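The values are calculated or read from the model by the stated rules, or taken from the named source; none is laboratory data. Please read these numbers as outputs of a predicted model, since none were measured by experiment. Virtual Cβ from ideal backbone geometry, glycine too; neighbours counted across all protein chains shown.
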Amino acid sequence: MLRIAHLVVWPDMEAEKHKVVLETATVSITMVGNRNLDEAVGTAKRLVEEEGIQLIELCGAFGPVGNAKIIEGVGGKVPVASVNYGLEVAAQALPLLEE
């Protein structure tokens, strides 16, 4: 079974409280909300080391700096991918993320 994690960052989320797992016969996707980047780095490390996560996907709010910190945090043990906001939606998405 493929084990994927999707990490999000939002100020009032906590990794210990805001976690869901979606599973089929072939894939398990663990989604975890984190209050900030530091918590997300710890979450990523724990998911790889303790839960056998094989691929990490990051929400667009991480940005390039956040992506780099997660990649560094997991020590290159698994691939790290990210969602990006295209120019066509960036102007609409930015005010939502600043609230």
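Looking across region 1-48, the residues that are closer than 19 Å to residue 69 by Cα and β-branched (Val, Ile, Thr) come down to 4, 8, 9, 32, 41, 43, 48.
Of the residues making up region 19-30, at least one is surrounded by 18 or more Cβ atoms within 10 Å (Cβ to Cβ) and β-branched (Val, Ile, Thr). A single member of 96, 22 is assigned to a strand (DSSP E or B), hydrophobic (A, V, I, L, M, F, W, C) and free of Cβ contacts under 8 Å to residues at least 12 places away in the same chain, and it is 22. Per the conditions (1) farther than 27 Å from residue 86 by Cα; (2) under 13 Å from the mean Cα position of the chain (by Cα); (3) assigned to a loop (DSSP other than H, G, I, E, B); (4) not basic (Lys, Arg), the sole criterion not satisfied by residue 16 is (2).
Residues in region 72-99 that are under 15 Å from the mean Cα position of the chain (by Cα) and of a type in the set (A, V, I, L, M, F, W, C): 74, 78, 80, 81, 83. Tell me, please, whether a residue that is closer than 15 Å to residue 81 by Cβ, without any contact (Cβ under 8 Å) to a residue 60 or more places away in the chain and not polar (S, T, N, Q) can be found in region 32-46. The answer is yes; a qualifying residue exists. One residue stands out among those in region 49-65 that are modelled with pLDDT under 95 and in a helix (DSSP H, G or I): the one that is farthest from residue 91 (Cα to Cα), which is 65.
Out of all the residues in region 44-58, which are buried (at least 20 other Cβ atoms within 10 Å of the Cβ) and over 11 Å from residue 78 (Cβ atoms)? Result: 58, single match.
Whenever a residue of region 1-16 is touching a residue at least 40 places away in the same chain (Cβ under 8 Å), its partners that are loosely packed, with under 14 Cβ neighbours inside 10 Å and among the β-branched types (Val, Ile, Thr), lying with C-beta atoms within less than 6 angstrom and at least six residues away or across chains, give the pairs 2/27.
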